[in-house]
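Step one of this worksheet: look at the structure below.
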Amino acid sequence: MLDAGNSLFGKDPSNSSQGAIQIQAMNLMGYDAMAWGENDLILSAAVLRERFAEATFAAVSTNLGPAGELPLQPYVLKEVEGHTVAILGATAPAAAKRTQPGIALTVEPPLEAISRTVAGLRGQADVVIVLSNLSVAENEALALQVPGIDVLLGSHETGARIGSRAYNGPEGQVVVAVTYRQGQFLGQLTVRFDDAGRVVSFAGQDLTLTDKYADDPAMLELLAQYGVKP
């Protein structure tokens, strides 16, 4: 389970749980990683440190720095069925204007940061996945210009549904998938790789989270703790 960011600051204008309900829900769902989004940085450094002390998954961004005030890391490595998968994050440049006073963060151009980080992972990872909350055009630029990316999972705020497609990247196919916002859909992406770690085929779909899916008892209990209705 992966997330492209902007997950902690919800639709509730007061954000009364300060991201706690989102983190606990993502823990329950078994998330592996999320990207830092610019809206996540609306919360204070102290709150963000507390939230990610509670998280059972990593928060990643290649282009935010320096680490210290926040739990920043450029990527995480996961072992999946005998293969090493690198999961990187890309944060929108708007993050520079979103951070609270007292948070000293630099925001590097994403294309440069991703290019450098992917190059440094050669020989360490069989598959490279980028979690991006950049624009559609920036995601396309990453897919077309950065050698070594296999899959890019994006987000956007236009309200349009984009789905998944493949680009001819510098070293083969790059699958780019975007799922509609605000948890109304679950994006399911299946990718097949050859022995060299190149994309052979893929299939993506958005699953509409309607009443046909039964509510999870543990999730209902969590919502009840915060007085939230499903």
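Observations on the model:
- Reported label for calculated percent of Cα pairs over 25 Å apart given [x] 52; [y] 43; [z] 39: [z]
- DSSP beta bridges in the chain [antiparallel fraction, %, rounded to 5]: 55 percent
- Residue order, fewest to most beta carbons within 10 Å, for T84, T208, T117, T91: T208, T84, T117, T91
- Excluding the site residues themselves, the longest part of the chain lacking any chymotrypsin sites (Phe, Trp or Tyr not before Pro) in a DSSP loop with at most 14 other Cβ atoms within 10 Å is 1-212.
- When shorter helices are ignored and each DSSP H run of at least 4 residues is given -39500 (n - 2.57), the per-residue value for the chain at 222 nm works out to -6500 deg cm²/dmol.
- 12 Å Cα-Cα reach of K78 towards aspartates and glutamates, excluding residues that sit fewer than 8 places from it in its own chain: D32, D126
Where a number appears in this text, it was derived from the coordinates with a stated rule and is not lab data. Computed from a prediction, not measured in an experiment: that's the story for all the values here. Note that we place each Cβ from the backbone using ideal geometry, even for glycine, and neighbour counts take in every protein chain shown.
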